[in-house]
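The block underneath contains the structure these notes are about, expressed in structure tokens.
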């Protein structure tokens with residue numbers, strides 16, 4: 001789906017951003033929310049610390065628990081709070097999610113009448 005790359009492309013951060021890209025950090029935040037049914041930012045850093053090896057293996061990134069501090073996650077949410085950027089993101093994401101296929105229908109006619 002390319003979520004992390006699309007987030008980076010549509011919601012650029014300042015040049016002084018250190019650590020993992022904001023797109024990956026946001027994607028891992030969403031993983032935490034969905035897997036733990038918990039949207040509180042102050043829980044993510046401890047969760048990430050417990051799952052560093054798994055997250056690193058799946059993403060191919062060097063993960064630090066500090067990348068998921070509540071201050072850093074709040075900054076990402078501020079970047080994501082831009083309506084115009086969301087419209088562009090949704091258009092770009094739709095290219096990966098929506099596919100149209102030609103469908104061929106066959107009509108069958110019966111020569112028998114129902115009278």
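I'd like the full set of residues that are over 11 Å from the mean Cα position of the chain (by Cα) and modelled with pLDDT of 90 or more, limited to the stretch 11-33.
Selection gives 32, 33.
Conditions tested, residue by residue: (1) surrounded by 10 or more Cβ atoms within 10 Å (Cβ to Cβ); (2) at pLDDT 75 or above; (3) touching a strand residue (DSSP E or B) at 6+ places or on another chain (Cβ under 8 Å); (4) not in a loop (DSSP other than H, G, I, E, B).
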{"residue": "62", "(1), (2), (3), (4)": "yes, yes, no, no"}
{"residue": "72", "(1), (2), (3), (4)": "yes, yes, no, yes"}
{"residue": "75", "(1), (2), (3), (4)": "yes, yes, no, yes"}
{"residue": "84", "(1), (2), (3), (4)": "no, yes, no, yes"}
{"residue": "89", "(1), (2), (3), (4)": "yes, yes, no, yes"}
{"residue": "95", "(1), (2), (3), (4)": "yes, yes, no, yes"}
{"residue": "99", "(1), (2), (3), (4)": "no, no, no, no"}
{"residue": "111", "(1), (2), (3), (4)": "no, no, no, no"}
{"residue": "114", "(1), (2), (3), (4)": "no, no, no, no"}
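Select from the stretch 14-44 the residues that are surrounded by fewer than 15 Cβ atoms within 10 Å (Cβ to Cβ) and either in a loop (DSSP other than H, G, I, E, B) or in contact with a strand residue (DSSP E or B) (Cβ under 9 Å, 6 or more places away or on another chain) (or both) and list them in ascending order.
14, 15, 16, 18, 37, 38, 39, 40 - these are the residues of the stretch 14-44 that are surrounded by fewer than 15 Cβ atoms within 10 Å (Cβ to Cβ) and either in a loop (DSSP other than H, G, I, E, B) or in contact with a strand residue (DSSP E or B) (Cβ under 9 Å, 6 or more places away or on another chain) (or both).
Determine, yes or no, whether residue 93 is within 17 Å of residue 1 (Cβ to Cβ) and touching a helix residue (DSSP H, G or I) at 6+ places or on another chain (Cβ under 8 Å).
Criteria met by residue 93.
Taking only the stretch 46-77 into account, find how many residues are in contact (Cβ under 8 Å) with a residue 24 or more places away in the chain and on the phi > 0 side of the Ramachandran plot.
Of the residues in that region, 0 qualify.
Please enumerate the residues belonging to the stretch 13-37 that are under 15 Å from residue 75 (Cβ atoms) and either in contact (Cβ under 8 Å) with a residue 40 or more places away in the chain or in contact with a helix residue (DSSP H, G or I) (Cβ under 8 Å, 6 or more places away or on another chain) (or both).
13, 19, 20, 21, 22, 23, 24, 25, 26, 28, 29, listed by residue number.
Hey, residue 1 hits all of (1) within 28 Å of residue 94 (Cα to Cα); (2) surrounded by 13 or more Cβ atoms within 10 Å (Cβ to Cβ); (3) touching a residue at least 24 places away in the same chain (Cβ under 8 Å) but one; which does it fall short on?
(2)
The values are calculated or read from the model by the stated rules, or taken from the named source; none is laboratory data. Predicted model, so just to flag it, every value in this text is computed and none were measured. Virtual Cβ from ideal backbone geometry, glycine too; neighbours counted across all protein chains shown.
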